[in-house]
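Worksheet: one structure, shown below.
The values are calculated or read from the model by the stated rules, or taken from the named source; none is laboratory data. Please read these numbers as outputs of a predicted model, since none were measured by experiment. FYI the Cβ positions are ideal-geometry reconstructions off the backbone, even for glycines, and counts take in every protein chain you see.
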Amino acid sequence: MLFLVIASMTALSAITFEVSKQTITVPEGDKTTIGIRLSSAPLSTTRARISWIAGDTDISVLGNSKLTFDENNWAHYQYITLAAASDADHDSGSAVLRIHRIAGDPISYLDVTAVEEERAGNCVSLPSGWNLISIPIEPADGSPDVVFDEADPLYLYSYSGTAYKNMASNQSSKIAAMEGYWLYLSEPTKICAEGDSLKGPQSVTLSNAGWHMIGVPYRVKWGAGTGGSSGPPPPPGMEGMRIPIIGRELDATPAGSITVSKDGQSVSLSDAVADGWIYKSVWEYGTANGVYTTMGISDGKVLMPWTGYWMLTYEDNLELTFSENAGSQEMPPPPPSRAVRTGLQTMITPPAPPSLPGIHTWDGVLEVTNTPNPITDVHTTTFTVEGQTAALVDTIKVQIYDLSGQLVYSSGEVAGTHLEWHTDNAYGEYLANGVYLYKMYAKVAGQWVVSDVKAVVILR
């Protein structure tokens, strides 16, 4: 009898939870499922559940998280839905989920890790130097210093049709999707913008004839496409797929098309060129070599999201409408009435796009002090911009680091030349005694300048 009991207990201890996939990836703002089953049949009906234990709270278990196993269904996966909420950061957080028994056969719990997959379309890696870019999403907050918070200091310019506008120095400026911008980076930077990806028909209005910096909401062919229904969007899972073929890569995602409208009349891009509304080519800037390349409508090239382009128009009040449909891929010859204009455009090469904006550098010295230092019987020190520079400062901000280089506190932007810090960290907790490093940033004539690294001591 004792032998049978021991044998039964040994059999029970061998039962474990099994999952359908070892790595659980949950797309940000979306859902996925995980299958759970037993490794062998239980002796009695067994109930279990999956629960969030630790980690990123954006990851959660949706709906019914309970499972029931018996001698008939133990080998079949039962699926639980997991979700990852949209968030403002661009980090792939993770959470520990525990599968544990709540009744029936004694089975050891199993911990699995779910990883949030950031939306790749909202980020782009850019090289150092001047980048001609566009945002293929509708920003949740269009403030330049929010959209481009990774660029510090921020050098960002838009084009009004006659001159550049410094977007970094104008707090009322807003970043708009499908508009082009010059962004200068002192080092390679990954830019991530929070917002909604653009899908379906999208339009941009070009009010005045002349040069325009534009972008596209998704892959769009600069060619003969009419925006018709001859090419559906790619099937799910095929977006951006690249297939190696005969020593090169063929992009499997079909490109969309462009329709141009004026005074209520809509025509294909090729007809707009033939009618003399738009010049036949667009210009793309190469950051690596500082050289423009042109793409004509007969070249079959594709305009890419996150890239900005120069376009030249000859008519006022044109509207570009982008469609995810590929449209017709044939280039029809222009009607006889358009042949003269088309011939003239072929012979006449317009001047190059406007020259790059100049960065207005400031070569002064940012003198900064903080008092008291060391901080002894109080919890507050005041950072101050001193010297002749103080009269030129609009706003300031400060960043505090520990000796390992870890950022422990970052202030908001404060008007004037004085900023108080209460020796707390990002969570409002007082920092321990020790030596900390800080940098002061001051906005002078619309440009952020930074002080040398200085030390502050907490000794309470």
task = Would you be able to say whether some residue in region 423-441 is part of a loop (DSSP other than H, G, I, E, B), closer than 29 Å to Leu183 by Cβ and outside the structural domain of Asn166 (by TED's automatic domain parsing)?
result = yes
request  = Would you be able to say whether some residue in region 367-374 is modelled with pLDDT of 75 or more, among the polar types (S, T, N, Q) and either assigned to a loop (DSSP other than H, G, I, E, B) or on the phi > 0 side of the Ramachandran plot (or both)?
outcome  = yes
Hits in region 181-205 - residues which are closer than 27 Å to Gly29 by Cβ, under 17 Å from the mean Cα position of the chain (by Cα) and not polar (S, T, N, Q) = Tyr181, Leu183, Lys190, Ile191, Cys192, Ala193, Glu194, Gly195, Asp196, Leu198, Lys199
remark   = Scanning region 383-430 residue by residue, those within 31 Å of the chain's Cα centre (by Cα), modelled with pLDDT under 85, of a type outside the set (Gly, Ala, Ser) and exposed (fewer than 12 other Cβ atoms within 10 Å of the Cβ) turn out to be Tyr427
note = Looking across region 122-160 at residues that are aromatic (Phe, Trp, Tyr) and modelled with pLDDT of 90 or more, the single one that is surrounded by the most Cβ atoms within 10 Å (Cβ to Cβ) is Phe148
request  = Considering only region 263-300, state which residues are surrounded by 17 or more Cβ atoms within 10 Å (Cβ to Cβ) and either at positive phi or assigned to a helix (DSSP H, G or I) (or both).
outcome  = Leu269, Ser270, Asp271, Ala272, Val273, Ala274
note = If you go through Gly227, Gly256, the only one that is modelled with pLDDT under 60, under 23 Å from Ser134 (Cβ atoms) and under 28 Å from the mean Cα position of the chain (by Cα) is Gly227
ask   = Within the set of pairs 6 or more residues apart or between chains, which connect a residue that is among the small types (Gly, Ala, Ser) inside region 49-70 to a residue that is assigned to a loop (DSSP other than H, G, I, E, B) with Cβ atoms less than 9 Å apart?
value = Ser51/Ser65; Gly55/Gly93; Ser60/Ala85
